[in-house]
Amino acid sequence: MTEDQERLFSAAFDAHYSTVLRYCRSRLANLEDAADAASGTFMTAWRRIDDFSRVEYQRAWLFQVARLTMANQRRSNRRSGELNAKIGRLASNFAPDAAEIAVSASEIENAMAALRNLPESDQEIIGLAAFESLGHEEIAVTLDITPGQARSRLYRARQRLRREFGRRPAT
């Protein structure tokens with residue numbers, strides 16, 4: 001990043017952050033989500049500084065990015081809500097005893113520990129697939145890689161997770 005790009009970003013942030021935050025706040029239910037969306041918007045501008053430095057209407061470009069960022073937040077929140085509802089429906093179909101709950105909690109703890117032992121890039125791609133429910137194409141866009149690379153990286157990350165999980169002693 002050049003000094004000119006840094007100055008451009010800094011000036012744009014100073015000039016437009018409050019406007020972008022207000023734009024997000026007017027469209028989202030709470031201030032925390034709006035602040036997250038505004039921050040995400042400027043993170044995108046920072047990552048895409050080459051594109052940002054060429055736009056004629058910075059504020060409009062930032063609003064476009066904010067709109068897409070908020071759409072992603074809503075989609076993620078909706079998926080989370082759907083997942084919670086599905087889990088609730090499934091959980092209501094059975095009542096596990098305390099021993100089953102302890103084993104399940106232990107397995108989850110071991111799986112999460114295995115995931116934390118993986119490289120950050122593996123954690124990211126597995127998280128996008130497993131926790132965010134993104135497909136190969138969406139992962140590719142998120143990581144700025146091709147869908148084939150996303151498929152291949154996810155496959156290898158899952159293999160490493162299986163190996164890591166297999167090394168962990170059962171509790």
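Highest average first, the peptides 46-59, 140-153, 28-41 ordered by how many other beta carbon atoms sit within 10 Å of their residues are 28-41, 140-153, 46-59.
Roughly speaking, to the nearest percent, how much of the chain's 1.4 Å accessible area is carbon and sulfur?
53
Measuring max minus min along each principal axis, the C-alpha atoms of region 128-171 give extents of 38, 18, 11 Å (largest first).
Segment Glu124..Arg25, full-extension length gain: 32.8 nm, with 0.36 nm per residue of separation and the alpha-carbon distance subtracted.
Residues in the chain average 68 Å² of solvent-accessible surface per residue, probe 1.4 Å, ligands and nucleic acids excluded. Using only C-alpha atoms and all pairs of different ones, pull out the Kirkwood radius for region 1-41 in Å with one decimal. Radius from the Kirkwood sum: 10.8 Å. Site pair Ser39 and Arg162 shows an inter-label distance of 3.7 nm when each label is modelled 7 Å from Cα along Cα→Cβ. What's the long-distance tail for the chain, i.e. % of Cα pairs beyond 25 Å? Tail of the P(r) past 25 Å holds 53 percent of the pairs.
Derived scalar couplings between HN and Hα for region 142-147 equal 4, 8, 6, 9, 7, x Hz in order, rounded to whole Hz, by the Karplus curve 6.51 cos²θ - 1.76 cosθ + 1.60 (θ = phi - 60°), x for Gly and Pro. FRET efficiency for the Lys86 to Phe13 pair, using the beta carbon distance and R₀ = 30 Å, is estimated at 0.15. Our helix-only sum for the chain, with -39,500 (n - 2.57) per DSSP H run of n ≥ 4 divided by its residues, gives a mean residue ellipticity at 222 nm of -27000 deg cm²/dmol.
The values are calculated or read from the model by the stated rules, or taken from the named source; none is laboratory data. Note that the structure is a prediction, hence the values are computed from the model and not measured. Glycine also receives a Cβ, built like all others from the backbone with ideal geometry; neighbour counts cover every protein chain displayed. Heavy atoms of the whole protein, side chains included, go into the accessibility calculation; ligands, DNA and RNA do not. Shrake-Rupley method; radii C 1.70, N 1.55, O 1.52, S 1.80 Å.
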